[in-house]
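Novice: Below you'll find the structure I mean.
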Amino acid sequence: MYKGIAGSEGIGIGNIVIIEEHQIHIETKTVTDTEEEIKRLQSAIEKFVIATNEMAGKMEETVGKKDADILRGHIQMLQDPMIEEQISALIVAEKVTAEMAVDQVLEQTAEMFSQIPDELLQQRATDFRDIKTRMIKLLQGIEDVDISHVPEDTVLVARDLTPSMTAGINPDNIVGILTETGGKTSHSAILARAMEIPAVLSVPGICSIVKNGDKVVLDGASGETMINPDETVIKQFEEKLSIYQKEKELLAEYAGKPTVTKDGIKVELVCNIGKPEEAKKATECDGEGIGLFRTEFLFMDRDSIPTEEEQFEAYKTVAEEMKGKPVIIRTLDIGGDKAIPYLGLKEEENPFLGFRAIRFCLQREDIYKVQLRALIRASAYGKIKIMVPLVTCVEELRRVKEMAADIMKELEHERISFNKNLEIGVMMETSAACMIADVLAKEAAFFSIGTNDLTGYTMAVDRGNAKVAYLYSTYQPAVLRSIKRIIECGKKEGIMVGMCGEAAADPKLIPLLLAFGLDEFSVSATSVLKTRKIISDCDVSECQKLADKVMKCTTEEEILNLL
Ligand code: PEP
Ligand code: MG
């Protein structure tokens, strides 16, 4: 079995077709007639524009306008005056061929983008290399790879799928994609997901492991693939495929519906996101809002703190995308396993028990104030709520509320608009917060239970330590009692209680959470419909009977047997 990155979910069973790129060879030579070279360049650019528009047209039919526009963008990238002029200038100055000039200028540009520590901008490097290869082929008269006529049940294997190659994909014939490079946000992944073709990416050495015609099975959700598997494995994958297809058909019925239990209890089903761009996916997957925006991602992969303006734009984008639906934004949660090198934090012996999240923010109010100001300003554009992570005592919540009140006074003075009723809530993820949940519930506008950390802190388990990993379980009586207590304390004070840890999408736990009275479930965008289906199949009075039994259990094993 080979393992790669889970690029696009689904099960693929088929035969391999390797997409071999022509080896391009560029001869080094000096030209005498530079005008002639410029003419060759212009003619290749014209052909490029025509071919690209044709491909984008095809793609618009198979995949949709948004993805076709990625290809159309290649025309603008090539015809950018800076790029075109640089290529022509190089031909004239160095007396090189059009191929050599195209190669040099576009490779340099690609290299520049690949150095930027931002995954989306790095993607531009793939785009420029795709344009470069196609232009050189046009100049040398090499025909492009055409994958529109591959046989049925094909699993494509390529080093990387460039946008121009993907344009020829016919989803009726292609049942899977395997690549040697590319990550979750690469164009190959985005397009595979848009076409709903299962894909496993970055499988080390896959191009040299397989031959044309090899039988292959792949699971795009787990990132696993097997070449020439035996009959039993093929049967297992056929079963998986049939379950997956049935589930998908069933789940589609739940799109656009409210999230209500069989006996009419309505709950909120919202999404967890890490970047503002993901809010769109949340809407597309029918999320009813955002239950957790992990803002630390805005601070990562860069070398300085994002400015108030940058943060404001990010929060405003999400608020606007969600059009008045709730958007819970968690303030900076760094430390623990999330490092931000430019903040210069010292290494600690026990990072999970150390200078983390709200503890850092309240000692660096200069940084925290910028975030709170950006958040409060963005609250004018949607239903933003602020959530404070890793709270262990009520003073922490009080200080955040004081800071927010001071900022609101400042903004009023500056005549900048914001939502005066902006809610500030607590992420319930430590055993201390659970023990004082009654106290916190009187001062917090809402609770959201972070079971990922709550499990670790309640069980006193370091998740990185394999020897004690068996104790890291949300099914442990101690963790379930903590969850129940937090919900009860919140309900008693009449505040909303949600959950944004992984447990919110756990089919085994959902009936229990409904019985406890959880108001909001925050899950990944791709889990929305599945979670809605599970909730819709539940009858809360039945769930309560189950919960009564579960809460009498004394061990994790007994609980799991019941659930
Ligand atoms: C949690 O702790 O449950 C949670 C959702 O936050 P994170 O995983 O970002 O710590
Ligand atoms: Mg957490």
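The values are calculated or read from the model by the stated rules, or taken from the named source; none is laboratory data. The structure presented is a predicted model; accordingly, all values stated were derived computationally and were not measured. Glycine also receives a Cβ, built like all others from the backbone with ideal geometry; neighbour counts cover every protein chain displayed. Note: areas computed on protein heavy atoms with side chains; ligands, DNA, RNA excluded. Shrake-Rupley method; radii C 1.70, N 1.55, O 1.52, S 1.80 Å.
Novice: How do 235-243, 170-178 rank on mean C-beta neighbours within 10 Å, highest first?
Specialist: Packing proxy ranking, top to bottom: 170-178, 235-243.
Novice: Show me, for segment 250-267, the HN-Hα J-couplings you get by feeding each phi into the Karplus relation (A = 6.51, B = -1.76, C = 1.60, θ = phi - 60°), rounded to Hz, glycine and proline as x.
Specialist: Listing the rounded values in order: 5, 5, 4, 5, 8, 5, x, 9, x, 9, 9, 6, 3, 8, x, 8, 9, 10 Hz.
Novice: May I ask for log10 I(q)/I(0) of the chain at q = 0.08, 0.09 Å⁻¹, from a Debye sum over the Cα atoms as equal point scatterers with solvent left out?
Specialist: Values returned for q = 0.08, 0.09 Å⁻¹ are -0.66, -0.82.
Novice: Would you give the gap between the C-alpha center of segment 178-216 and the C-alpha center of segment 69-90, rounded to a whole Å?
Specialist: Each part reduced to its Cα centre gives a spacing of 28 Å.
Novice: Would you report the distance distribution of C-alpha pairs in segment 212-305 as whole percents per 10 angstrom bin, up to the bin with the largest distance?
Specialist: Calculated over all Cα pairs of segment 212-305, the distribution is 12, 25, 26, 24, 12, 1 percent.
Novice: For the peptides 245-255, 334-344, 46-56, what is the packing order when you average, over each peptide's residues, the other Cβ atoms within 10 Å and list the highest mean first?
Specialist: Highest-to-lowest ranking by the protection proxy: 46-56, 334-344, 245-255.
Novice: Also: With θ taken as phi - 60° and the coefficients 6.51, -1.76 and 1.60, list the Karplus ³J(HN,Hα) couplings across segment 208-220 in order, rounded to whole Hz; mark glycine and proline as x.
Specialist: So the Karplus estimates, Gly and Pro as x, are 8, 7, 9, 10, 4, x, 4, 7, 8, 10, 8, 10, x Hz.
Novice: Here's a follow-up. Between segment 130-144 and segment 239-281, how far is it from one alpha carbon centroid to the other, in angstrom?
Specialist: So the separation of the two Cα centres works out to 43 Å.
Novice: Can you tell me what share of the DSSP beta bridges in the chain is antiparallel? A percent to the nearest 5 is fine.
Specialist: Given both bridge residues lie in the chain, the antiparallel proportion sits at roughly 30 percent.
Novice: Expressed as an acute angle from 0 to 90° and rounded to the nearest 10, what is the orientation of the C-alpha long axis of helix 65-79 relative to the principal long axis of the chain?
Specialist: Computed tilt is about 50 degrees.
Novice: Roughly speaking, what % of Cα-Cα pairs in segment 395-493 are separated by over 24 Å, rounded to a whole number?
Specialist: 38
Novice: What part of the accessible area of the chain, given as a whole %, is carbon or sulfur when the probe is 1.4 angstrom?
Specialist: 51
Novice: Which number comes out as Rg/Rh for segment 92-133 once both Rg and the Kirkwood Rh are worked out on C-alpha atoms?
Specialist: 1.09
Novice: Further question: When the helices in the chain are scored as -39500 (n - 2.57) per DSSP H run of 4 or longer and the sum is shared across all residues, what 222 nm value do you end up with, to the nearest 500 deg cm²/dmol?
Specialist: The helix contribution divided over the chain gives -15000 deg cm²/dmol.
Novice: Kindly write out, for segment 428-442 in residue order, the coupling ³J(HN,Hα) from the Karplus curve 6.51 cos²θ - 1.76 cosθ + 1.60 (θ = phi - 60°), rounded to whole Hz, with x marking Gly and Pro.
Specialist: 8, 9, 10, 5, 4, 4, 5, 5, 9, 4, 5, 6, 4, 4, 6
Novice: So what is the accessible area of segment 217-336 per residue, in Å², with the probe set to 1.4 Å?
Specialist: On a per-residue basis, segment 217-336 sits at 47 Å².
Novice: Cross-link partners among lysines for Lys323, C-alpha distance below 16 Å, same-chain residues fewer than 8 apart left out?
Specialist: Lys280, Lys281, Lys383, Lys385
Novice: Something else: Taking only protein heavy atoms into account and a 1.4 Å probe, give the accessible area per residue of segment 68-192 in Å².
Specialist: 41
Novice: Sticking with this one: If you count only protein heavy atoms with a 1.4 Å probe, what accessible area per residue comes out for segment 358-435, rounded to a whole Å²?
Specialist: 43
Novice: Pick out, in residue order, every one of the GluC sites (Glu not before Pro) in segment 71-154 that is DSSP loop and has at most 13 other C-beta atoms within 10 Å; say none if there are none.
Specialist: Glu143, Glu152
Novice: Okay, next question. Which log10 I(q)/I(0) values, to two decimals, does segment 1-152 give at q = 0.08, 0.14 Å⁻¹ under the Debye formula with one point per Cα?
Specialist: Per q value, in the given order, log10 I(q)/I(0) is -0.28, -0.82.
Novice: Starting from the Kirkwood Rh over alpha-carbon pairs, what translational D in µm² s⁻¹ does segment 417-563 have by Stokes-Einstein at 37 °C and 0.692 mPa s?
Specialist: 208
Novice: Between Glu423 and residues 5 or more places away or on another chain, which pairs have amide H atoms under 5 Å apart, with H built 1.01 Å from N, and which residues are they?
Specialist: For Glu423, whose amide H was placed from the backbone, the distant partners under 5 Å are Ile386.
Novice: Which whole-number percent gives the relative contact order of segment 99-251, counting Cα pairs below 8 Å spaced six or more residues apart?
Specialist: 14
Novice: Averaging over all projection directions, find the projected area of the Cα convex hull of segment 375-442 and quote it in nm² with one decimal place.
Specialist: Across all orientations, segment 375-442 yields a mean hull projection of 4.5 nm².
Novice: Which whole-number percentage describes the relative contact order of the chain, with Cα contacts under 8 Å and a sequence gap of 6 or more?
Specialist: Relative contact order comes out at 13 percent.
Novice: Here is a follow-up. In a solvent-free Debye calculation with one equal scatterer on each Cα, what is log10 I(q)/I(0) for segment 302-436 at q = 0.12, 0.16, 0.18 Å⁻¹, listed in the order of the q values?
Specialist: With one equal scatterer per Cα and no solvent, log10 I(q)/I(0) is -0.48, -0.85, -1.06.
Novice: May I pose another question? Relative to the longest principal axis of the chain, what angle (0 to 90°, nearest 10) does the C-alpha long axis of helix 365-378 take?
Specialist: 80
Novice: With contacts defined as alpha carbon pairs under 8 Å and 6 or more residues apart, what's the relative contact order of segment 65-149 in percent?
Specialist: 23
Novice: If you fit an axis through the alpha-carbon atoms of helix 119-140 and take the longest principal axis of the Cα set of the chain, what angle between them do you get, 0 to 90°, nearest 10?
Specialist: Taking the Cα atoms of the chain, the angle to 119-140 is about 20 degrees.
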